Amino acid sequence: MNDILNMMEEDFEKTLSSVETLDNDGLDTVAGLARKIKQQQEKVERLDRELKDEKQNLLKMTDEDLPSTMADLGLSKFSLDDGSTVEVKATYGASILVKNRPAAYEWLRDNGYDDIIKNVVSCQFGRGEDDQASAFQAFASQQGYPADQNESIHSQTLKAFVKERIEAGEDFPHDLFGAYVGQRAVIRGVK
């Protein structure tokens, strides 16, 4: 027992001696580095905000300003002095509101487009229940495990679906799918 107490006392003395040898230079260095880290964090946050603002400005120029100016002038394509081309192209997008999902999914199923709906059924098992998990699909309801079902459509899949329907001239409920068509100016450099 005395050996343990002696070891504890030695450890305490070592720790105490290192604390006593801390000088102001060491503390100043730690404080200085902490201040620099704080300044760097603030700088990164500011730059993130600026980048977000600049991306919004760029989107406004490519999706609104340049396409509308070119449309006013009757241009769909334009070449710059350096050989780059400016062209206005259609952009497509969609976002189904949560309240519209049941009706949108029903419309897709009724019109033969249900293949774009991802349908995931899952069940949570505890430790040691690997065998039951393997047999889940066939026996989930018989085993009494609650199964969660989640239907979704990937955003790019929905965007492609909307683009295909619009370009094919097919009629579909735009409002239900939050579908929209926009214009975007694309600038390509010389190759």
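The values are calculated or read from the model by the stated rules, or taken from the named source; none is laboratory data. Predicted, not measured: the structure shown is a model, and the values here were computed from it. Please note: Cβ atoms are built from the backbone with ideal geometry, for glycine as well, and neighbour counts cover all protein chains shown.
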If you take the residues in the stretch 16-52 that are polar (S, T, N, Q), part of a helix (DSSP H, G or I) and loosely packed, with under 10 Cβ neighbours inside 10 Å, which one is modelled with the highest pLDDT? ASN24
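For the structure I just gave you, tell me whether ASN111 is modelled with pLDDT of 90 or more, of a type outside the set (Asp, Glu) and either surrounded by 11 or more Cβ atoms within 10 Å (Cβ to Cβ) or farther than 30 Å from SER76 by Cα (or both). Before the answer, list the steps.
Numbers: modelled with pLDDT of 90 or more: yes; of a type outside the set (Asp, Glu): yes; either surrounded by 11 or more Cβ atoms within 10 Å (Cβ to Cβ) or farther than 30 Å from SER76 by Cα (or both): yes.
So ASN111 passes the test.
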For the stretch 158-184, pairs from a residue that is more than 21 Å from LYS118 (Cβ to Cβ) and in contact (Cβ under 8 Å) with a residue 40 or more places away in the chain to a residue that is exposed (fewer than 15 other Cβ atoms within 10 Å of the Cβ) and of a type in the set (A, V, I, L, M), with Cβ under 9 Å and 6 or more apart or across chains, are ILE166/ALA90; ILE166/VAL181; VAL181/ALA90; GLY182/ALA90; GLN183/ALA71; GLN183/ALA90; ARG184/LEU59; ARG184/ALA90
Going through the stretch 58-111 one residue at a time, which ones are touching a residue at least 60 places away in the same chain (Cβ under 8 Å) and of a type in the set (Val, Ile, Thr)? THR62, THR85, VAL86, VAL88, THR91, ILE96
I need the full set of residues from the stretch 53-92 which are small (Gly, Ala, Ser) and surrounded by fewer than 10 Cβ atoms within 10 Å (Cβ to Cβ), in order please. GLY74
Just one listed residue, out of LYS99, LYS55, is among the basic types (Lys, Arg) and farther than 24 Å from PHE172 by Cβ, and it is LYS55
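This table checks each residue for (1) more than 23 Å from the chain's Cα centre (by Cα); (2) aromatic (Phe, Trp, Tyr); (3) modelled with pLDDT under 90; (4) in a helix (DSSP H, G or I).
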| residue | (1), (2), (3), (4) |
| --- | --- |
| GLN137 | yes, no, yes, yes |
| SER141 | yes, no, yes, yes |
| TYR145 | yes, yes, yes, no |
| ASP148 | yes, no, yes, no |
| GLU151 | no, no, yes, no |
| LEU158 | no, no, no, yes |
| LYS163 | no, no, no, yes |
| ILE166 | yes, no, no, yes |
